[in-house]
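*Asks:* Take this structure, written in structure tokens, and hold onto it; I'll ask about it next.
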Amino acid sequence: MKDLESQPRDPRLQVKVCGLTRVEEAQACAALGIDAVGLVFYPPSPRFVTERQARAISDGLPPTVATVGVFVDEPLDGILRKIDRCGLHAVQLHGREPPELVDRLQREAVLVIKAIFSRKSPCLARAADFTPSAFLAECGSGRLPGGNAREWRWQEARGVSVSRPLLLAGGLNPDNVADAIAAALPDALDVSSGVERAPGRKDKTHVQHFMEAVARCRLNFTPRRIF
């Protein structure tokens, strides 16, 4: 992990669209300029994808778009297998994974994003326990580990970015993303439910409006690149 002063900087916020399930929708998002797609390997999620689906999506994307596997308390061997079989560039740990798993994946030269939460464990205050490539800050309230479309006090996440780059998630949509950016000062954004017409089905128009809203924001800081 590079120190913060050597982190690459970018004049814009990066955007990850999470929970994609179809090749054509992932390609449409890529054409709109997103930086990463999230592929959910958590079976209870309505956005769950099989290894075959994930590989097809990964193979259908340009090399400028990172594919991120989203895992919830999956063992190390299962994560490593999917990285290899599905062509993943990064992993997002969205459960109660211990710091040791983060460290083990880092030793595999994998870009690791660790989710921490406002309303459940691991909480935002425990960020110092982990040394990932970046954090994802999220509300943590609802039936699923993520993707519950619930807004929260995004400013609670602001302190997380002191130690690592910050990916902000939780209830983001084209109408509120400017407020979320001003509140949390993130390095990147993670959107799912806010650009859907149904769970797992992304709407190209919603994604376009989201990207336009992000582009209109005038930043008084220079974000660090994550992807």
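*Asks:* Over 24 Å between Cα atoms: which of 82/114; 16/82; 114/204; 16/114 fall into that group?
*Replies:* 114/204
*Asks:* Using alpha-carbon pairs under 8 Å, 6+ residues apart, how would you state the relative contact order of segment 14-216 in percent?
*Replies:* 19
*Asks:* Going by Cα centres, segment 29-57 and segment 165-227 are how many Å apart?
*Replies:* 17
*Asks:* Would you please state which residues of segment 199-227 a label at residue 24 would reach in this model, taking the label point 7 Å out along Cα→Cβ and a backbone N cut-off of under 20 Å?
*Replies:* Of the residues in segment 199-227, 199-209 have backbone N under 20 Å from the label point off residue 24.
*Asks:* Turning to a different aspect of this structure: With all distinct Cα pairs included, what does the Kirkwood hydrodynamic radius of segment 124-226 come out to in Å, to one decimal, could you say?
*Replies:* Values: mean 1/r = 0.0711 Å⁻¹.
It is 14.1 Å.
*Asks:* While we're looking at this one, here's another question. Tally Lys/Arg at +1 and Asp/Glu at -1 over every other residue whose Cβ is under 14 Å from the Cβ of residue 98; what's the total?
*Replies:* -2
*Asks:* For residue 212 paired with residue 52, estimate the spin-label separation in nm (one decimal), with each label point 7 Å from Cα along the Cα-to-Cβ line.
*Replies:* Here the answer is 3.9 nm between the modelled labels.
*Asks:* In segment 46-124, which GluC sites (Glu not before Pro) are in a loop and have at most 14 other Cβ atoms within 10 Å, using DSSP for the loop call?
*Replies:* The qualifying sites are 108.
*Asks:* Right, another one. Against the globular-protein guess of 2.2 N^0.38 Å, express the Cα radius of gyration of segment 145-200 as a ratio, rounded to two decimals. Write out the running numbers ahead of the final one.
*Replies:* Numbers: Rg = 11.2 Å, N = 56, 2.2 N^0.38 = 10.2 Å.
That works out to 1.10 for segment 145-200.
*Asks:* Related question: Against the 2.2 N^0.38 Å scaling, with N counting residues, where does segment 1-113 land? I'd like the Cα-based Rg ratio to two decimal places.
*Replies:* Normalised Rg, Cα atoms only: 1.06.
*Asks:* Also, I was wondering about something else. At 222 nm, what helix-only mean residue ellipticity would the chain give, in deg cm²/dmol to the nearest 500, using -39500 (n - 2.57) for each DSSP H run of four or more?
*Replies:* -7500 deg cm²/dmol
*Asks:* Express in nm, to one decimal, how much length is gained between residue 126 and residue 141 on full extension, taking 0.36 nm for each residue of separation and deducting their alpha carbon distance.
*Replies:* This chain segment gains 3.7 nm when fully extended.
*Asks:* As a test, work out the antiparallel percent of DSSP beta bridges whose residues both lie in segment 109-227, rounded to the nearest 5.
*Replies:* Taking every DSSP beta bridge within segment 109-227, about 15 percent pair in antiparallel fashion.
*Asks:* If you don't mind, another one. Mean 1/r over all different Cα pairs, inverted: what Kirkwood radius does segment 174-227 give, in Å? Write down the numbers at each step before the final one.
*Replies:* Values: mean 1/r = 0.0833 Å⁻¹.
With all distinct Cα pairs of segment 174-227 included, I get 12.0 Å.
*Asks:* Any idea what % of Cα-Cα pairs in segment 14-216 are farther than 22 Å?
*Replies:* Numbers: 8578 of 20503 pairs.
Of all Cα-Cα pairs in segment 14-216, 42 percent lie more than 22 Å apart.
*Asks:* Eigenvalues of the Cα gyration tensor times 5, then square-rooted: what semi-axes does that give for segment 76-123, in whole angstrom, largest first? The partial results should precede the final answer.
*Replies:* Numbers: eigenvalues 86, 24, 16 Å².
Gyration-tensor ellipsoid for segment 76-123: 21, 11, 9 Å.
*Asks:* Just to be sure I understand the model, the point goes 7 Å from the Cα along the line to the Cβ. What's the resulting residue 178 to residue 107 distance in nm?
*Replies:* 4.8
Bear in mind that the values in this text are calculations on the coordinates, not laboratory data. Not measured: the values here are computed from a predicted model. Neighbour counts run over all protein chains shown; Cβ positions are idealised from the backbone, glycine included.
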